[in-house]
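S.K.: Okay, here's the structure, questions in a sec.
The values are calculated or read from the model by the stated rules, or taken from the named source; none is laboratory data. No experiment lies behind these values; they were computed from the predicted model shown. No Cβ is skipped: glycine too gets one built from the backbone with ideal geometry, and neighbour counts run over all protein chains shown.
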Amino acid sequence: MRRNAAVVAAVVALALVSSLSGCARHDNAERSALRLPVYPHANAVDVPLQIRAKNAGHVIEVFTTWDSFDKVRDWYSAMLPRTTQTVVNEVQRQATFALFDDRRRSVHLEVSGNQVVIYLSGVDTAVTGR
């Protein structure tokens, strides 16, 4: 009986650790047409149709959050691949992350008022066929 309890406890602990580690790295990429990470506390902003029409094949997604610039920048630093090129301007509170992949994807952060604006951009392969 003691052995069964130990096995059950080990299985429960393993399941808990697995679920916590899965949640800790969840990047919310399903919220992005470009499959880029979306900051957990970000709200989508509707991009005007004129911008989308002029940039056929190029996607621009905009999100905002009330969280601090440092917190958002650090989250993206942790979520994006290590090969991502990063430029940060602390004075202007801006950061750009370039993925240099076949979809030319990037993440740009900037502070506007008291919010951080998150711009996700890149090529939509569904439109371009690439």
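S.K.: Look at the stretch 88-130 and say how many of its residues are exposed (fewer than 13 other Cβ atoms within 10 Å of the Cβ), farther than 19 Å from ILE60 by Cβ and without any contact (Cβ under 8 Å) to a residue 24 or more places away in the chain.
M.R.: Going through the stretch 88-130 one residue at a time, the tally reaches 6.
S.K.: Could you say which residue among THR86, THR128 is more than 11 Å from the chain's Cα centre (by Cα) and modelled with pLDDT of 95 or more?
M.R.: Sole residue among the options that is more than 11 Å from the chain's Cα centre (by Cα) and modelled with pLDDT of 95 or more: THR86.
S.K.: Tell me whether the stretch 6-26 contains one or more residues that are at pLDDT 60 or above and not hydrophobic (A, V, I, L, M, F, W, C).
M.R.: The answer is yes; a qualifying residue exists.
S.K.: Additional query: Can you pull out every residue in the stretch 35-49 that is surrounded by 10 or more Cβ atoms within 10 Å (Cβ to Cβ) and either modelled with pLDDT of 90 or more or not in a loop (DSSP other than H, G, I, E, B) (or both)?
M.R.: Listed by number, the residues that qualify are ARG35, LEU36, PRO37, VAL38, TYR39, PRO40, HIS41, ALA42, ASN43, ALA44, VAL45.
Residues checked against (1) of a type in the set (Phe, Trp, Tyr); (2) assigned to a loop (DSSP other than H, G, I, E, B):
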| site | (1), (2) |
| --- | --- |
| ASP67 | no, yes |
| ARG73 | no, no |
| TYR76 | yes, no |
| THR83 | no, yes |
| ALA95 | no, no |
| PHE100 | yes, yes |
| GLU110 | no, no |
| VAL116 | no, no |
